[in-house]
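The values are calculated or read from the model by the stated rules, or taken from the named source; none is laboratory data. Here the structure is a predicted model, which is why all the values come from computation and not from measurement. Every residue, glycine among them, receives a Cβ derived from its backbone with ideal geometry; neighbour counts consider all protein chains shown. Accessible surface is based on the protein model in full, side chains and every heavy atom, while ligands, DNA and RNA are left aside. Shrake-Rupley method; radii C 1.70, N 1.55, O 1.52, S 1.80 Å.
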Amino acid sequence: MSKKDIVTEPASVPEKPEKPSKPKKSGKNMKKFKYGSMSFVVIALVIVLVVILNLICSMIAKRSPLKIDLTADNRYEISDESIDAIKNLKQDVEITVTFPESNFASMGNYYQQMYAYYGMNVDVPYEMIPSVLEKYEMYSKQGNGNIKVQYVDMNKDPDIIAKYRKFYNNDIPEGSIIVFSGNNDNGRVKVITQEEVIQMIVPANTSTNTAITMNFVGESTITSAVLSVTDSNPIKTAFASMMNGVSITGQGYETMTTDFMTFLGKNGYDCTVIDIATDELSPEEYDFVVVPMPAVDFSADIIGKLGDFLYNGGNYQKNMLYIPNLYVNDLPNITEFLADWSIQVDESAVLDDTNWIETYLGFNQNVNIKLAINDTESVGSLPNETLPVVAPATRKLSILTKNNDSVATSVLKSMDTSYDQDNSQTGTRDAVVVSVKETSSGLDRYSSHLLVMGSSFMISNSLLTQTNAFNNANVIMGMLNTMTGKEASAVIPEKALQQALITPTASQMNGIKIFTIYVIPAVVAVAGIIVFLRRRNK
């Protein structure tokens, strides 16, 4: 038998073993994976959401206030007048504080301890000023001009303010605030002195030795400085309050004159005291002259100087404010000058037993008479027309009918319940009158104005600063701005600071900000991670 014939059965080939399958996860493990993944996703979404919200809030905070001022006196906010002025800026402004921000809190502690030494518990919150400056920076981003606030230490880097000195003739000492607008070649500087910084918080007029209430007047100082360096039309004003080296007002009026000059300076009037007898009243140098409460008559030369200024070589476009002295009547040269403008200041004072308002000036009640606006065009628009205008101890003014080239108009009148010492019959009396002389060239008309206010006490600082109670400040600025052709300025009211028992300081507010924006989100994130890890390891 051949080998071919030998048939052998093939050996059985073992089947290929099946690949062992992975053990199925238990339902517990699947549930653990599911919830662990979901926790991770939720945590990630929460973190992303918190970051996005913080970014959005930070962006919004640069343009709109997100901080809630819970103080009773709203001390960390600025007035609508300042906000409107800031939003209307067309130029950038730099505000440089020449000392560390922490110095404001130190100032507050110093003066608070000083009052405490005399047994008075007085809140002197200078630390509010950085928060107020921050609002200027924030609101400016809503307009065309930008305000940048910076704090510099002049002891460490005295040269940092070198660029401001080239536009400022006087020294810039430490402790002042520099307000600047412009560039390296052309700029304007307004320096708020250290004394003015300290006087941003002062006792109110109603304070007594036993009860002191503080007022914040710094907002008007800051706003006026900002407007001053950006004002394209500052009114150069000569205060003719000196004659031959002596005050023309007599005793008692010097402070009122100084306060009024400060008030005008805060509202865009570049004021300079001149000696009306010896200094030149140049139309090229000045736009406006103020003659406040003269107790002595002017010589013919001085009268001629005033007339030449207003005539301006036939070009007119100059203006004057005259305020009579309540206690002096015999001024024949001044009387003749006013008559040439169709205005007469009578000797008698106007009284009113019905329409009067209480003031802090010490006059009898019926002397503090209310006035009504008789010529709205001369006054312009007012922020609040309901507030009263008060004219304490006002002299009666008369409009004369004379054959001259002036036209006089009554701007403010007393009420029809008023009377005067020479005539007990009730009826309106003129208290403020404006007279105009003008010329024309083709279609163009050029005019000069003389405004006479019967009451010297209308410009009392207590009536001008109490803009929440009286309309004197807004009405006076409206009349002067209309007369001089100046754009409306912002009259900023003082802010009465109530005694703060629980008021966060600037550093505390910064701590609250850090805790809210950073600490809380971090705690949420850490808590989420811990929950995720615990569930993952179960």
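Things to note:
- Shown is the FRET efficiency for GLU134 and ILE160, computed with R0 = 22 Å from the Cβ-Cβ distance and rounded to the nearest 0.05: 0.60.
- Near-label residues of segment 387-426 by backbone N, under 20 Å of a point 7 Å along Cα→Cβ of SER440: 404-409
- Extension gain, ASP270-VAL328: 0.36 nm per intervening residue step, less the Cα-Cα distance, totals 18.0 nm.
- Of the residues GLU77, GLU385, the one with the largest accessible area comes first in the ranking GLU385, GLU77, computed with a 1.4 Å probe on protein heavy atoms.
- Built amide H within the under 5 Å cut-off of ILE274, gap 5+: PHE239, ALA240, SER241, MET242
- Mean Kyte hydropathy of 0.5 or more with a Cα span along the axis of at least 27 Å, helices from DSSP in the chain: 27-61
- Local electrostatic count, THR98, Cβ distance below 10 Å [Lys/Arg +1, Asp/Glu -1]: -2
- Computed over protein heavy atoms with a 1.4 Å probe, the carbon and sulfur contribution to the accessible area of the chain reaches 52%.
- Converting the Cα gyration tensor eigenvalues of segment 286-338 into ellipsoid dimensions via √(5λ) gives semi-axes, longest first, of 21, 12, 8 Å.
- Based on C-alpha pairs under 8 angstrom that are at least 6 apart in sequence, the chain has a relative contact order of 14 percent.
- Over the chain, accessible surface divided per residue gives 55 Å², non-protein components excluded, 1.4 Å probe.
- Take the convex hull of the alpha carbons in the chain; its mean projected area over all directions comes to 50.4 nm².
- Equivalent-ellipsoid semi-axes of segment 158-213, from the Cα gyration tensor, Å, largest first: 34, 11, 7
- For the cross-link pairs LYS135/LYS166; LYS148/LYS236; LYS236/LYS318; LYS370/LYS396; LYS90/LYS486; LYS135/LYS190, the ones whose C-alpha atoms lie over 22 Å apart are LYS135/LYS166; LYS148/LYS236.
- In terms of overall dimensions, the C-alpha atoms belonging to segment 317-398 reach 37, 32, 19 Å along their principal axes, ordered largest to smallest.
- Length gained on full extension, ALA339 to ALA522: 58.0 nm, using 0.36 nm per residue less the C-alpha separation.
- For the pair GLN317 and LYS141, label points projected 7 Å from Cα toward Cβ lie 4.2 nm apart.
- Per-residue ellipticity at 222 nm computed for the chain from its helices equals -10000 deg cm²/dmol, with DSSP H segments shorter than 4 residues left out and the rest contributing -39,500 (n - 2.57).
- Two-site FRET efficiency, ILE529 against SER102, from Cβ-Cβ distance with R₀ of 35 Å, rounded to 0.05: 0.40
- Each 5 Å bin from 0 upward holds the following percent of the Cα-Cα pairs of segment 141-259: 2, 8, 13, 17, 16, 16, 13, 8, 6, 1, 0.
- Extension gain, GLN113 back to THR206 (0.36 nm per residue minus Cα-Cα distance, nm): 31.3 nm
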